[in-house]
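Notes follow once the structure below has been shown.
The values are calculated or read from the model by the stated rules, or taken from the named source; none is laboratory data. Note that the structure is predicted; figures quoted are calculated from it, not measured. Cβ coordinates were reconstructed from backbone atoms using ideal geometry, including for glycine residues, and neighbour counts include every protein chain displayed. What goes into the accessible areas is simple: the full protein's heavy atoms, side chains included, and nothing from ligands, DNA or RNA. Shrake-Rupley method; radii C 1.70, N 1.55, O 1.52, S 1.80 Å.
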Amino acid sequence: MSAETSTKFTSVYGPVKSWRYGRSLGIDPIGPVSVCSFNCVYCQLGEIERKICDRAIYIPTTQILQDLQAFAPWDVDVITLSGSGEPTLALNLAEILSSIKQLTHRPTLVLTNATLLSDPDVRAALSLTDKISVKLDAISAEQLRRVNRPVSGIEMSDICTNIKNFRQEYRGHLGIQTMILTKWNEATKAEYLQMMQSLLPDEIQLNTPTRPKPLKHEIDGRENHSSADNRPYEVRSLKCVSLDVLQEFATEINRATGIPVRYAPIG
Ligand code: SF4
């Protein structure tokens, strides 16, 4: 990392207004270089710079705690671990979660793409968070390849099994977040409904990516943007569906499963 990048980087950002979780303070356990096991076509960080599945300590817990001090007394609804990639890749995830709790006494949330849920250490770390939002944008291998563009070796069937197993043991609030880029056909919807019926998450969150994507990695992609107008870098518009399509699918899911469904464009 360049000296310029490292001096600009702070592991705590926001607070941002989350449509799902209220006023949220962001924690970035990944750092100035984006790292993820996916490279989603809609990722607000831009193209992922390091596409890997290996866990490592990217930001020391002491640095996160130090950065957090500047935000005391943490007048937020939740402290969210997401940031510049997949937070479960941080080997110090458990330590970060327990230290944040000890320091702030605020509820914590982890946003994850579920690709590391087969790792018992990751599951043990996630048991420490109050809430989890698990990304599930695909039901078929082809959809996974097209939308999430995972690193090689990540299979759709493993993701589904891992989420199901994790659901059995996790005691906190589990949301499933699904990004819809194009209207799903009936067969895909039926498979998704079946999966939700067996999973029974506490909530389902449907989105569509109305917010344009930066062409390359931009650190402020960690935060919410209400529009592309004032962003000082190049962005491109993404395929998305109308609010009516989201609403229709939300109603269908709720009727079939009884699970509360929320929907909103990411704009
Ligand atoms: S999982 Fe999240 S961080 Fe990773 S590429 Fe997808 S949207 Fe970006």
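For the condition in contact with a Phe, Trp or Tyr (Cβ under 6 Å, 6 or more places away or on another chain), more than 16 Å from the ligand (Cβ to nearest atom) and farther than 22 Å from Phe9 by Cβ, what is the one hit in Arg167, Arg106? Even if it seems obvious, please write down each step before you answer.
On the way: Arg167 fails: in contact with a Phe, Trp or Tyr (Cβ under 6 Å, 6 or more places away or on another chain).
Among Arg167, Arg106, only Arg106 is in contact with a Phe, Trp or Tyr (Cβ under 6 Å, 6 or more places away or on another chain), more than 16 Å from the ligand (Cβ to nearest atom) and farther than 22 Å from Phe9 by Cβ.
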Original post:
Quick one: would you say Thr188 is of a type in the set (Ser, Thr, Tyr) and surrounded by fewer than 18 Cβ atoms within 10 Å (Cβ to Cβ)?
Top reply: yes
**OP:** Write out, first by first residue and then by second, each pair whose Cβ atoms fall under 6 Å of each other, whose residues are 6+ apart or on separate chains, and whose first residue, in the stretch 249-263, is farther than 10 Å from Gln197 by Cα while the second is aromatic (Phe, Trp, Tyr) and surrounded by 15 or more Cβ atoms within 10 Å (Cβ to Cβ).
**Re:** Ala250/Tyr263
Original post:
Out of the residues in the stretch 37-87 that are assigned to a loop (DSSP other than H, G, I, E, B) and among the hydroxyl-bearing types (Ser, Thr, Tyr), which is most open to solvent (accessible area, probe 1.4 Å)?
Top reply: Tyr58
Subject >> Candidates Glu142, Glu169, Glu155 - the one that is within 28 Å of Ser242 (Cα to Cα) and either among the charged types (D, E, K, R) or in contact with a Leu (Cβ under 8 Å, 6 or more places away or on another chain) (or both) >> reply: Glu142
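Somewhere in the stretch 232-240, is a residue in a strand (DSSP E or B), within 21 Å of Leu181 (Cβ to Cβ) and at pLDDT below 95?
Applying the first criterion (in a strand (DSSP E or B)) to the stretch 232-240 yields 235-236.
Filter once more, so that each one left must be within 21 Å of Leu181 (Cβ to Cβ): 235-236.
Subset that is at pLDDT below 95: 235-236.
Yes.
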**OP:** Report, ordered by the first and then the second residue, all pairs with beta carbons closer than 8 Å, sequence separation of six or more or different chains, a first member in the stretch 127-154 that is closer than 20 Å to Val110 by Cα and within 13 Å of the ligand (Cβ to nearest atom), and a second member that is of a type in the set (Gly, Ala, Ser) and not in a loop (DSSP other than H, G, I, E, B).
**Re:** Ser133/Gly175; Val134/Gly175
Subject >> Among (1) over 17 Å from Ile259 (Cβ atoms); (2) within 16 Å of the ligand (Cβ to nearest atom); (3) touching a Ser or Thr at 6+ places or on another chain (Cβ under 8 Å), the one test that Gly175 misses >> reply: (1)
Original post:
Is it the case that Gly46 is farther than 24 Å from Met156 by Cα and within 17 Å of the chain's Cα centre (by Cα)?
Top reply: no
Subject >> Matching option when the condition is open to solvent by 30 Å² or more (accessible area, probe 1.4 Å) and over 20 Å from Ser37 (Cβ atoms), among Gln205, Gln168 >> reply: Gln168
